[in-house]
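This report refers to the structure that appears directly beneath it.
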Amino acid sequence: MAGMARRSRREFAVSHGNTVAFLGWTVGVMVYLATLSVAGALFAQTVLDRWSLSLAGVVTVQVPEASEPASRGTLSRQDAVEDILDKTPGIQSHTVLEEERTRALLEPWLGESLIAELPLPVMIDVQLEHGARVDFTGLGERITSVAPGSVLDDHGLWLSRVAATASTLARGGWIVVFLVGLVAVISVIFAILSGLTVNRDIVELLKLMGARDTYIARRFQGHMVGTTLPVCGLGGLCAIGTVFAVTGFARENGGRSEALPVQLSPTALSLLDWAIVAAVPLAFAILTVVTARLAALYALRRMS
Amino acid sequence: MSMMASDSIVSFDNVEMRYADSPPILRNVSFDIPLGSFHFLTGRSGAGKSSILRMMYLALRPNRGQVRIFGRDPHQGNASNIANIRRRIGIVFQDFRLIDHLSVLENVALPLRIAGERESVIHQHVSELLEWVGLSRYLDARPPALSGGQQQRIAIARAVIARPSLLLADEPTGNVDDRLADRLLFLFEELNRAGTTVLIATHNETMVSKYRHPRLVIIGEGVEMQYSRYSSASNFHPT
């Protein structure tokens with residue numbers, strides 16, 4: 001393939017060198033953007049998946065003023081709520097979060113100084129049995145009847161908002177890839193048509209020698225391989241480098257927060273995800289080469 | 001004895017050629033060029049010699065009449081048919097049409113590369129031919145660095161490298177001295193003896209008169225076949 005590209009580069013004048021260099025840089029930048037977009041979309045999807053997984057079958061009960069007496073009976077509000085949880089069918093276990101952990105969870109959202117001043121509720125993580133159907137409305141009513149002001153959170157609203165955001169991010173990423181691909185195709189078509197115009201004399205000469213359109217198109221295709229393959233690789237490498245740099249920066253600036261279910265690090269993506277990211281430059285290289293061939297064949301047929 | 005059309009490598013039948021709305025430069029032109037023959041095509045400058053050659057190498061289509069190459073109408077069938085016919089034709093262009101950024105070797109090698117020949121064979125054949133035309137020292141040179149005569153020899157080498165069945169040359173000795181012109185003509189005759197049909201368009205009457213090959217002479221809008229009194233009768237096939 002390299003030999004073909006070398007010979008093709010020689011056979012056509014490439015007197016439009018600036019156009020070709022411009023195309024190379026353009027495709028390189030497009031590959032960079034597309035690879036970044038795909039990586040971003042996959043990160044967003046991964047965060048959503050991990051979040052959904054970590055919150056599946058879990059509800060949280062917040063009990064304010066937990067040590068105060070309950071509305072009924074002799075138990076404290078916290079004990080009364082735990083008693084209700086113990087007696088509710090479908091609940092496998094419940095764990096009271098230590099105050100330090102609760103502070104650590106809320107600190108990124110509220111700030112260190114505010115957290116120190118605020119009276120924090122007791123947080124109870126409730127683990128449901130697999131496949132259990134619990135009447136959360138009834139459970140919530142029973143809890144507030146003994147500890148008014150308590151909140152039962154099944155994370156449904158939170159998850160749906162996160163899902164919507166992540167899905168928008170992911171979809172946006174793929175739309176960017178599509179648009180960038182479209183612009184790449186248009187750029188290649190323009191470059192091929194301009195190349196054919198500039199090299200019209202040579203194309204005619206080759207035809208008079210008996211060259212078929214496929215032979216000439218292969219020359220353009222080989223030329224495109226030589227021009228775009230290195231820049232596609234370079235664009236992809238730069239994008240992957242950027243992913244590493246950004247995730248490293250995010251980790252050092254709070255991205256390691258307890259609030260996130262997944263660390264912002266390259267290892268957050270699976271091997272398959274990384275294979276998809278790595279395939280973007282390759283896909284662009286194939287796209288430009290195939291586009292070059294088809295555009296050249298189309299233009300050559302019109303020249304005949 | 002009249003020549004059968006099937007024995008003709010090129011056959012013009014009542015061909016008319018005009019450019020745009022101008023009057024025809026060729027009208028009712030009919031002739032046959034027999035397989036294995038050697039002809040000169042002469043006429044004053046602008047008479048239509050290049051147009052006749054262009055119709056032969058299928059760069060032009062006649063406005064009227066029919067041109068048959070290798071016994072068939074080249075424009076019937078697909079583009080691949082035209083490409084196949086052109087591969088059997090070697091062309092020496094008046095303006096050489098060398099590719100400036102390619103070396104001498106690469107220019108001459110083009111027809112073989114198009115034909116899909118192996119690189120080792122290409123290098124060997126091209127080197128031998130360039131040796132013959134006296135340009136073996138310039139394998140890696142670029143055409144703009146060479147003289148007009150040297151460029152003309154490259155153009156001729158490129159036209160004959162693939163051993164074409166039909167060689168069409170447009171003023172192939174226009175830029176070389178008499179000694180080299182004779183040598184090139186000798187090369188064309190050698191090719192002709194090896195079976196290649198040769199047609200040379202020229203206005204160089206001195207050169208033409210030295211050879212006894214028949215001439216196609218463009219007179220007015222028509223073409224007339226003329227024979228040297230020294231020519232062998234077996235070479236003559238008037239239509």
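The values are calculated or read from the model by the stated rules, or taken from the named source; none is laboratory data. These numbers come from a predicted model, not from an experiment. In this analysis, Cβ positions are derived from the backbone assuming ideal geometry, glycine residues included, and neighbour counts consider all displayed protein chains. Accessible surface areas use protein heavy atoms only, side chains included; no ligands, DNA or RNA. Shrake-Rupley method; radii C 1.70, N 1.55, O 1.52, S 1.80 Å.
Worth a mention:
- Within region A:137-187, the residues that satisfy the criterion of being part of a loop (DSSP other than H, G, I, E, B) and not charged (D, E, K, R) are A:A147, A:P148, A:G149, A:S150, A:H155.
- Residues of region A:54-82 satisfying the condition of being free of Cβ contacts under 8 Å to residues at least 12 places away in the same chain and outside any loop (DSSP other than H, G, I, E, B): A:P69, A:S76, A:D79
- Of the residues making up region B:15-56, those that are free of Cβ contacts under 8 Å to residues at least 60 places away in the same chain and either more than 14 Å from the chain's Cα centre (by Cα) or in a strand (DSSP E or B) (or both) number 10.
- Note on region B:79-99: among residues that are among the small types (G, A, S) and within 8 Å of chain A (Cβ to nearest Cβ), the one that is nearest to the chain's Cα centre (by Cα) is B:A83.
- Just so you know, in region B:60-88 the residues that are in contact with a strand residue (DSSP E or B) (Cβ under 9 Å, 6 or more places away or on another chain) and free of Cβ contacts under 8 Å to residues at least 24 places away in the same chain include one that is farthest from A:L208 (Cα to Cα), and it is B:D73.
- Positions within region A:61-101 being within 30 Å of A:T247 (Cα to Cα) and surrounded by 16 or more Cβ atoms within 10 Å (Cβ to Cβ), in sequence order: A:L97
- Failed criterion for B:D100 (all others in (1) open to solvent by 60 Å² or more (accessible area, probe 1.4 Å); (2) closer than 25 Å to B:I85 by Cα hold): (2)
- Residue in region B:119-127 that is surrounded by 14 or more Cβ atoms within 10 Å (Cβ to Cβ), part of a helix (DSSP H, G or I) and within 14 Å of another protein chain (Cβ to nearest Cβ) present: yes
- For region B:139-166, residues that are charged (D, E, K, R) and either under 18 Å from the mean Cα position of the chain (by Cα) or buried (at least 20 other Cβ atoms within 10 Å of the Cβ) (or both) total 3.
- Members of region A:207-218 that are open to solvent by less than 10 Å² (accessible area, probe 1.4 Å) and more than 7 Å from chain B (Cβ to nearest Cβ): A:I216, A:A217
- Residue in region A:171-189 that is open to solvent by 50 Å² or more (accessible area, probe 1.4 Å), of a type outside the set (V, I, T), closer than 17 Å to A:Y298 by Cβ and away from every other protein chain (no Cβ under 14 Å) present: no
- Residue match in region A:192-201 (condition: more than 14 Å from chain B (Cβ to nearest Cβ), assigned to a loop (DSSP other than H, G, I, E, B) and in contact (Cβ under 8 Å) with a residue 40 or more places away in the chain): no
- Residue that is most open to solvent (accessible area, probe 1.4 Å), among those in region B:103-118 that are out of contact with any Leu (no Cβ under 7 Å at 6 or more places or on another chain) and more than 7 Å from chain A (Cβ to nearest Cβ): B:R118
- Extreme residue, most open to solvent (accessible area, probe 1.4 Å), among residues of region A:268-282 that are within 27 Å of A:H223 (Cα to Cα) and touching a residue at least 40 places away in the same chain (Cβ under 8 Å): A:L282
- A count restricted to region B:181-221 and to residues that are in contact with an Asp or Glu (Cβ under 9 Å, 6 or more places away or on another chain) and of a type in the set (F, W, Y) stands at 1.
- Yes/no for A:I240 being within 14 Å of chain B (Cβ to nearest Cβ) and either free of Cβ contacts under 8 Å to residues at least 24 places away in the same chain or at negative phi (or both): no
A quick yes/no check of all residues on (1) over 34 Å from the mean Cα position of the chain (by Cα); (2) modelled with pLDDT under 75; (3) within 14 Å of another protein chain (Cβ to nearest Cβ):
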position: A:N18; (1), (2), (3): yes, yes, no
position: A:R50; (1), (2), (3): no, no, no
position: A:A70; (1), (2), (3): yes, no, no
position: A:R77; (1), (2), (3): yes, no, no
position: A:A80; (1), (2), (3): yes, no, no
position: A:R103; (1), (2), (3): no, no, no
position: A:E107; (1), (2), (3): no, no, no
